[in-house]
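Q: Below is one structure. I have some questions about it.
The values are calculated or read from the model by the stated rules, or taken from the named source; none is laboratory data. Model, not experiment: these values are computed from the prediction. Note: ideal-geometry Cβ built from the backbone for every residue, glycine included; neighbour counts use all protein chains shown.
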């Protein structure tokens, strides 16, 4: 049976194109920023950035020099935008948008996830393909991405599209919002990558070559970040009912580390 | 062959991170340079299509003049100063595809209709500065010289080593493009391109040749000091 957590090939492709494009955009953007690592107009001061004139460490930059970084930035922006539009158009037409738009129960579900991660709640809430925190993140990411693109256009064409630049409070502020959008994108991406590796490593496979084994889902394993370092309770009847592969004899040890001679009916 | 999850993560993780480490702070793969140049040409087409002579830059309300905070860039080792004893009186030559080639002294330039504009300076590095320029509109000079309609490009040359930058005629004819001899109400100083320089908010700073000596109308583009090194030739704002 095909898991509902599997991703459509188009989602898998756009995910990785986006990952590469975004990495290059951030790296080249930081190199461009380093040419003038501040926001103040010449002869003025800027209120809202505590590290004015402190460059970003070179290791986080891409492009080698200002012109190289600019060339990468202005080429990759098309890949990022076109890829993003393909993804959004696809999930709109194909129905995947239902998985990422927060539901009415969002505050309750998010609270349940939060209390679970904080060890207040015992069992991993079962909330479908994505839990509320994921939904919120995957919903907000394209919005911040759009902010990054629009603020980027505003600092690319501050004279020909001055109305847009003025809308953001002028060039210096447009540049600031462009930087802040990047900060949010990077922060969310870091959390995303952290959660993949510490809670659901299988997601790395499902977003690359597809497929998902439900018996190893975070819900089934009751996985918190670094869950393997903690003692875990035995699965209760409800979890076993929801995940038939978790027979009572199938201890969590074997669910976590399946061996080659697992019962054949586990494999489709 | 089956690949277990652990192996998959290790292999893919190390492949991605080694690719990232290899790419970090490099100029990226050499083969990509062709693609980047292709993107630059496409971007230029977009930027040229966006250019309107009615889109004017205006400095934001309440912004201060940059004054002494305006950086002074030049490519010579020392501040370029026109040496009258050696080179004779400074003149601005307007030539190329024109009906009436001109040689204007600073006095003659100042007698032409003048424009004073308070606009932003957009540097390629990302900073801006508010400045007040006084000078002659480029479009007035073009009319005076009788520029040929087939002259689609203009080269702006200087006595700052071999610094020059060529422009598309549309940007040059923008009403805010001036041959400036005044800055913030005073005559232009040596640090900012005296006796006269090109200034327009529709182009990034490096396109605005300082220490101007020649304006040449051409049928084709002629690159530029920074454009030839890899910066965008168009450099529009």
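Q: Of everything in the stretch A:122-159, what is over 16 Å from the mean Cα position of the chain (by Cα), at negative phi, in contact (Cβ under 8 Å) with a residue 12 or more places away in the chain and part of a loop (DSSP other than H, G, I, E, B)? Give them in sequence order.
A: Once the filter is applied, which keeps residues that are over 16 Å from the mean Cα position of the chain (by Cα), at negative phi, in contact (Cβ under 8 Å) with a residue 12 or more places away in the chain and part of a loop (DSSP other than H, G, I, E, B), the stretch A:122-159 yields A:122, A:123, A:124, A:125, A:126, A:127, A:158.
Q: Taking the stretch B:165-191, which residues are assigned to a helix (DSSP H, G or I), surrounded by fewer than 21 Cβ atoms within 10 Å (Cβ to Cβ) and within 15 Å of the chain's Cα centre (by Cα)?
A: Listed by number, the residues that qualify are B:169, B:170.
Q: For the stretch A:34-65, give me each residue that is farther than 19 Å from residue B:69 by Cβ and at the interface with another protein chain (Cβ under 7 Å from one of its Cβ atoms).
A: A:58, A:59, A:61, A:62, A:63, A:64, listed by residue number.
Q: Just to be sure I understand, how many residues within the stretch B:56-72 are under 13 Å from residue A:166 (Cα atoms), within 7 Å of another protein chain (Cβ to nearest Cβ) and more than 20 Å from the chain's Cα centre (by Cα)?
A: Here the count works out to 1.
Q: Now, a different point. For residue B:92, are the conditions met, namely being within 18 Å of residue B:187 (Cα to Cα) and more than 14 Å from chain A (Cβ to nearest Cβ)?
A: Yes, satisfied.
Q: Restricting to the stretch B:113-153, what's the tally of residues that are under 25 Å from residue B:187 (Cα atoms), more than 14 Å from chain A (Cβ to nearest Cβ) and surrounded by 15 or more Cβ atoms within 10 Å (Cβ to Cβ)?
A: Result for the stretch B:113-153: 14.
Q: Hey, among B:75, B:98, which residue is away from every other protein chain (no Cβ under 14 Å), in contact (Cβ under 8 Å) with a residue 12 or more places away in the chain and surrounded by 16 or more Cβ atoms within 10 Å (Cβ to Cβ)?
A: Unique residue meeting the criteria: B:98.
Q: Would you pick out the residues in the stretch A:69-99 that are under 13 Å from residue A:24 (Cβ atoms) and away from chain B (no Cβ under 14 Å)?
A: A:83
Q: Quick one: which of A:248, A:268, A:244 is in a loop (DSSP other than H, G, I, E, B), modelled with pLDDT under 75 and within 19 Å of residue A:7 (Cβ to Cβ)?
A: Being in a loop (DSSP other than H, G, I, E, B), modelled with pLDDT under 75 and within 19 Å of residue A:7 (Cβ to Cβ) holds for just one of A:248, A:268, A:244, which is A:268.
Q: Another one. Evaluate the stretch A:198-212: report whether one residue or more is surrounded by fewer than 17 Cβ atoms within 10 Å (Cβ to Cβ), more than 10 Å from every other protein chain (Cβ to nearest Cβ) and assigned to a helix (DSSP H, G or I).
A: Within the stretch A:198-212, one or more residues are surrounded by fewer than 17 Cβ atoms within 10 Å (Cβ to Cβ), more than 10 Å from every other protein chain (Cβ to nearest Cβ) and assigned to a helix (DSSP H, G or I).
Q: Quick one: residue B:162 ticks every box in (1) assigned to a strand (DSSP E or B); (2) modelled with pLDDT under 95 except a single one, so which number is it?
A: (1)
Q: Whether any residue in the stretch B:33-50 is part of a loop (DSSP other than H, G, I, E, B), farther than 21 Å from residue B:206 by Cβ, without any contact (Cβ under 8 Å) to a residue 24 or more places away in the chain and facing another protein chain (nearest Cβ under 9 Å) is what I want to check.
A: no
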